[in-house]
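J.: Before I ask anything, let me first share the structure, which is written out below as structure tokens.
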Amino acid sequence: MKKLIGEFKDFVSKGNVLDMAVGIIIGGAFTAIVNSLVGDIINPLINTILGGISFAALNITVKAPWIKFLNENVDFFRRNPIEYPVLGFGNFIAAIITFFITALALFILIKSINKASNLAKKKKADEEAAAPTTKICPYCKSEINIEATKCPHCTSDQPKAEA
Ligand SMILES: [Zn+2]
């Protein structure tokens, strides 16, 4: 238990709380987009293909014989009939479709973010590689460290680097 609490503390302190908060807020907004895409565009398209049948209408009512028996033969259930359970497999299919669309959209989003961040990293690395690390001493013409204020070869004070 102590170990668990320790691990949880690590998790909370390591995870950037602000980043997480931003992620949750963006995630909520993203969910609204996906729901709209599924509910307002994809479902109507599928309904058109199915000939006007909505996912919610795709269900099976399980008319279990014992429920029928109780409802017809027991006084109490005659007054308060048990409702037949409904298997809403249409909604289940819709949830699966929503999941795949969300996963696909996230995949595309993350892929493009990764691509952009890789480009930025590469640019930074290129700039660092291109930045000079040495200079030539104006007095003895030796190659010395760019940040040197005194030449290690001729001990001359180096002119201040131009910004
Ligand atoms: Zn020098």
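The values are calculated or read from the model by the stated rules, or taken from the named source; none is laboratory data. As the structure is a computational prediction, the values presented were derived from the model and not from experiment. Cβ: placed from backbone, ideal geometry, glycine included. Neighbour counts: every protein chain shown.
J.: So which residues in the range 138-152 are of a type outside the set (Lys, Arg) and within 53 Å of the chain's Cα centre (by Cα), if there are any at all?
T.: Result: GLU143, ILE144, ASN145, ILE146, GLU147, ALA148, THR149.
J.: Kindly provide the set of residues from the range 147-163 that are more than 9 Å from the ligand (Cβ to nearest atom) and either outside any loop (DSSP other than H, G, I, E, B) or of a type outside the set (A, V, I, L, M) (or both), ordered by number.
T.: Hits for the range 147-163 are GLU147, THR149, ASP157, PRO159, LYS160, GLU162.
J.: Please list, ordered by first then second residue, the pairs with beta carbon atoms under 7 Å, 6 or more apart or interchain, first in the range 142-159 and farther than 12 Å from PRO132 by Cα, second assigned to a loop (DSSP other than H, G, I, E, B) and β-branched (Val, Ile, Thr).
T.: ASP157/THR149; GLN158/THR149
J.: Output the residues belonging to the range 59-115 that are at pLDDT 85 or above, in contact with a Leu (Cβ under 8 Å, 6 or more places away or on another chain) and of a type in the set (A, V, I, L, M, F, W, C).
T.: ILE60, VAL62, PHE77, ILE82, PHE89, ILE93
J.: Just one of the numbered conditions (1) assigned to a loop (DSSP other than H, G, I, E, B); (2) touching a residue at least 12 places away in the same chain (Cβ under 8 Å) is not true of GLY52; which one?
T.: Result: GLY52 fails condition (2) only.
J.: Now for a separate question. Quick check on the range 125-146. Is at least one of its residues more than 12 Å from the ligand (Cβ to nearest atom) and touching an Asp or Glu at 6+ places or on another chain (Cβ under 8 Å)?
T.: For the range 125-146, residues more than 12 Å from the ligand (Cβ to nearest atom) and touching an Asp or Glu at 6+ places or on another chain (Cβ under 8 Å): present.
J.: Would you call ILE101 away from the ligand (no atom under 12 Å from the Cβ), in a loop (DSSP other than H, G, I, E, B) and either surrounded by 12 or more Cβ atoms within 10 Å (Cβ to Cβ) or without any contact (Cβ under 8 Å) to a residue 60 or more places away in the chain (or both)?
T.: no
J.: Just name the residue that is farthest from VAL38 (Cα to Cα) out of those in the range 50-83 that are surrounded by 10 or more Cβ atoms within 10 Å (Cβ to Cβ) and basic (Lys, Arg).
T.: ARG78
J.: Any residue at all in the range 42-56 that is in contact with a Phe, Trp or Tyr (Cβ under 8 Å, 6 or more places away or on another chain) and of a type in the set (Val, Ile, Thr)?
T.: There is at least one residue in the range 42-56 that is in contact with a Phe, Trp or Tyr (Cβ under 8 Å, 6 or more places away or on another chain) and of a type in the set (Val, Ile, Thr).
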